[in-house]
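Everything on this sheet refers to the single structure shown next.
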Amino acid sequence: MAPEVLDLNAVVTDMQDMLQRLLGEDIELMVMPAQSGGSVLVDRGQVEQLVMNLAVNARDAMPDGGALTIETDDVELDDSYAATHPSVHPGPHVMLAVSDTGVGMDEAIRSRIFEPFFTTKGPGKGTGLGLATVYGIVKQSGGSIWVYSEPGKGTTFKIYLPRVEGVQPTQGPSPKPTPTAVTGTETILIVEDEEFLRELAGRMLQMAGYTVLTASDGEEALQLLGRYDSPVHLVLTDVVMPGISGRELATRLATTHARVKVLYTSGYTDDVILRHGLLDRTTHFLSKPYSMEDLTRKVREALDA
């Protein structure tokens, strides 16, 4: 984690356009920031991932469309509230609430949603790690999370993060060096077993001008490349996947599609990847979670290398 003092209103507002693209046209997004939002000590990238995971979950709960509301507010959690919510420390907090009008959950499902690998989605639709990741980020940030839901009446997640007093928040995302051009017209194949990450990366690259193909694993990627007539310029592949790994996929491509460049991505850090020998230092690597700026910059670097 790289925590910094942030205005939660600004973080959520900055994500609004990306979230609307992620949700699609059938879901109305409403962002309702507090009048005077307090500051919190959090890792910006992790908070963005938290909001994205909750938005994707809400989208999946509204297959026929609906509304997603994201609210922030300054709240004071008193001793009586803490007494009935054991993980809460009384004091000033900033609340982040994410509410949908979806199918909702019964008590049996609601009691298990933060368990790693628990999912109600079908095969290939989810790993059951999205809400477990949300829970971990909240706890590492010193906060608490509660879920309110009933079948047919939607779901609300309420996150409470300790409010930081007397410190000016960091203004905007940390500056990053960016090349003069992060767009392109090449064709990119995304190989990613997480459906929502595959879809999100595809939308980001399409917005940057690229032609995008997708595959859920290495085997599907090889089959697609075998029947695709036009050139594919770059393969963006997860490192660790069931079946054919990203490294093995790249090795096979070296013999069948020697001109295709490869950009690896993983939730593990590049240090872990290197120490376990999964990749070497000469490869192009992008760590998850990534922003559109990170993705397009790395893609352009790999293509131009």
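The values are calculated or read from the model by the stated rules, or taken from the named source; none is laboratory data. Computed from a predicted model, the values in this text were never measured in an experiment. Don't worry about glycine lacking a Cβ; one is built from the backbone with ideal geometry, like all the others, and counts go over all protein chains shown.
Checking each residue in segment 43-97 for being assigned to a helix (DSSP H, G or I), small (Gly, Ala, Ser) and buried (at least 18 other Cβ atoms within 10 Å of the Cβ) picks out Gly45, Ala55, Ala58. Would a scan of segment 38-51 turn up a residue that is among the hydrophobic types (A, V, I, L, M, F, W, C), free of Cβ contacts under 8 Å to residues at least 40 places away in the same chain and over 17 Å from Val134 (Cβ atoms)? No; the residues of segment 38-51 include none that is among the hydrophobic types (A, V, I, L, M, F, W, C), free of Cβ contacts under 8 Å to residues at least 40 places away in the same chain and over 17 Å from Val134 (Cβ atoms).
If I filter segment 153-186 down to residues being farther than 28 Å from Met105 by Cβ and aliphatic (A, V, I, L, M), which single residue comes out as modelled with the highest pLDDT? I'd like the intermediate steps shown before the answer.
Step one: list which residues in segment 153-186 are farther than 28 Å from Met105 by Cβ, which gives 163-186.
From the residues that got through so far, the ones that are aliphatic (A, V, I, L, M) too are 164, 167, 181-182.
Working: Val164: 90, Val167: 75, Ala181: 48, Val182: 77.
Ranking the candidates gives Val164 first.
Within segment 58-80, does at least one residue satisfy the condition of being over 23 Å from the mean Cα position of the chain (by Cα), in the same structural domain as Leu8 (by TED's automatic domain parsing) and among the hydrophobic types (A, V, I, L, M, F, W, C)? Yes, there is a match, as at least one residue in segment 58-80 is over 23 Å from the mean Cα position of the chain (by Cα), in the same structural domain as Leu8 (by TED's automatic domain parsing) and among the hydrophobic types (A, V, I, L, M, F, W, C).
For segment 182-216, a residue qualifies if it is acidic (Asp, Glu) and within 19 Å of the chain's Cα centre (by Cα), and the qualifying residues are Glu192, Asp193, Glu194, Glu195, Glu199. Starting from residues that are over 17 Å from Glu186 (Cα atoms) and among the charged types (D, E, K, R), keep the ones in segment 212-247 and report whichever is surrounded by the most Cβ atoms within 10 Å (Cβ to Cβ). So, considering only residues that are over 17 Å from Glu186 (Cα atoms) and among the charged types (D, E, K, R), the one surrounded by the most Cβ atoms within 10 Å (Cβ to Cβ) is Asp238.
The residues in segment 187-209 that are out of contact with any Leu (no Cβ under 6 Å at 6 or more places or on another chain), more than 13 Å from Met292 (Cα to Cα) and at pLDDT 90 or above can be counted, and the count is 3. Residues satisfying the criterion are present in segment 89-100 (criterion: within 26 Å of Phe196 (Cβ to Cβ), of a type outside the set (Gly, Ala, Ser) and out of contact with any helix residue (DSSP H, G or I) (no Cβ under 7 Å at 6 or more places or on another chain)). Of the residues making up segment 1-42, those that are crowded, with 17+ Cβ neighbours inside 10 Å, part of a helix (DSSP H, G or I) and in contact with a Pro (Cβ under 7 Å, 6 or more places away or on another chain) are Asn9, Val12.
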